[in-house]
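Every number here is computed from the coordinates shown, using simple stated rules; none is lab data. Bear in mind that the values here come from a model prediction, so they are computed numbers and not experimental data. So basically every Cβ, Gly included, is an ideal-geometry build from the backbone, and we count neighbours across all protein chains shown.
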Amino acid sequence: MTTRWKEEKAESPQTLKSNAFSFQSPKQNKMSPLPVPEDVALQIASFLQGWRCFYMELHNEKAARATSVVQFVETCSSSVSLEVGEYQKAMQDLHALQFGYQDVQMFLFKPELTVLVNLLGLHYCINWLGVPANCVLKALESRKISERQVCVKWWKLGIWSHGFRMRDELLSRRFTLIDVGLAKQEEVLAVLYRGAIHEVLRVQICVADPSSPSWSCQSAHRRG
């Protein structure tokens with residue numbers, strides 16, 4: 001064992017020397033790029049240009065569709081309020097236009113738009129697209145719209161008691177967009193999703209502003 005170790009030790013400098021001669025640096029082993037034929041390069045450039053044009057056309061088409069939805073909401077809410085039927089129609093339009101999460105972020109989460117449009121996009125992301133809450137919250141924060149406030153009011157049919165129908169009940173919820181993202185307003189989202197059916201007589205979405213006109217509905221005791 002000792003002799004063998006000495007022989008290996010004596011031969012090791014020669015081995016290292018021979019290995020040194022056979023060693024090649026990475027630069028020597030690196031293959032130089034092959035030249036691209038001119039016709040192939042032109043085809044690649046044409047393909048990329050065509051893809052870019054297609055993307056721009058798609059973007060412009062999405063922008064035009066988003067504008068139509070925004071204009072519809074703004075027209076219907078010219079008095080700073082929106083009826084639930086109009087709200088639901090705008091929601092269905094987004095679904096029919098196949099809007100995705102990125103489209104909502106780009107076109108509906110703009111701080112210069114009315115908060116009703118922001119709420120529409122947020123509700124669409126949660127109920128229709130199933131976007132995770134953490135993604136929604138990040139989007140609201142990044143677009144600086146998380147603290148914008150909305151007020152939803154709805155009338156419920158008065159219950160019957162001792163042969164008389166009680167006065168119709170007005171319910172009101174004032175909340176921020178981040179409250180919706182944190183699932184603190186599930187009751188409100190359910191009302192907006194269902195609309196004015198069964199015991200709910202009317203639903204209205206308003207900009208939460210003290211100067212906005214109050215919404216009232218006549219109600220009275222009715223005899224059975």
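With contacts taken as Cα pairs under 8 Å and at least 6 residues apart, the stretch 51-223 reaches a relative contact order of 25 percent. Ordered by the count of other Cβ atoms within 10 Å of each Cβ, fewest first, HIS123, HIS198, HIS95 give HIS198, HIS95, HIS123.
Checking the cross-link pairs LYS153/LYS184; LYS156/LYS184; LYS62/LYS110; LYS89/LYS144 against a 19 Å limit on the alpha carbon distance flags LYS156/LYS184; LYS89/LYS144 as lying beyond it. Model label points for GLU112 and GLU38, set 7 angstrom from Cα along the Cα-to-Cβ axis, are 4.7 nm apart. Taking amide hydrogens as placed 1.01 Å from N in the peptide plane, the amide H of ASP168 sits under 5 Å from those of GLY158, ALA220, each at least 5 positions away in sequence or on another chain. Remark: spin-label model distance LYS144-ARG194 equals 3.9 nm, labels positioned 7 Å along the Cα→Cβ axis. Net length available on complete extension from MET166 to GLU186 is 4.5 nm, with 0.36 nm assigned per residue and the Cα-Cα distance removed.
Taking the stretch 51-223, how much of its Cα-Cα pair set, in percent, is spaced more than 29 angstrom apart? Pairs farther apart than 29 Å: 24 percent. Per-residue 3J(HN,Hα) values for the stretch 185-201, derived from phi via the Karplus relation 6.51 cos²θ - 1.76 cosθ + 1.60 with θ = phi - 60°, read 10, 5, 4, 5, 4, 5, 5, 5, 6, 6, x, 8, 9, 6, 7, 8, 7 Hz in sequence order (x marks Gly and Pro).
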